[in-house]
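Before any comments, here is the structure.
Since every read-out is calculated from the coordinates, none of them should be taken as a lab result. Everything numeric in this text was worked out from a predicted model, so none of it was measured. Methodologically, a virtual Cβ is constructed for each residue, glycine included, from the backbone with ideal geometry; neighbour enumeration extends over all protein chains shown.
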Amino acid sequence: MEVATFNEQQIAKKIIEAMIAEGYSVRIHDGEGWACKSTKDASVAMAAIMSADEDMIHARKAVDGKMQTVGTVTLIYGNGNNGADVVSDCTENMRGYTC
């Protein structure tokens, strides 16, 4: 069951696409487990989100030769305001992807 509105979907897509364009891989956690492996394919990431009430997008890069999460954006669906409040939280270094 899809829980996100059209606007929430568009916001999530823009965030994921911007992260990938900046060279990050993204990995999605749906609140219960990993919904997808690290990917640079926005369609794979989009297929993994919005099946639960919230998702955390992990931005990942190689650090000292090992893939690590270097930032996160938390999305909570159904907050109202026509989807504008879908971004619930993010690490400081991810703020540019959420505005």
Residue with peak Gaussian network fluctuation, the chain [Cα springs, cutoff 10 Å], from Gly78, Gly65, Gly33: Gly65
For region 6-93: relative contact order, % (alpha-carbon pairs under 8 angstrom, 6 or more apart): 25
Among Met56, Asn81, Ser38 the positive-end extreme of the charge dipole of the chain (Cβ point charges): Ser38
Cα-based shape type of region 32-99, given that a ≥ b ≥ c are square roots of the gyration tensor eigenvalues and the cut on a/c is 1.5: oblate
0 to 90° range, to nearest 10: angle between helix 6-21 axis and the chain longest Cα axis: 10
Gain upon complete extension [Glu22, Glu92; 0.36 nm per residue less C-alpha separation]: 23.6 nm
Cβ-placed point charges (K, R +1; D, E -1), dipole of the chain about Cα centre in debye, nearest 20: 460
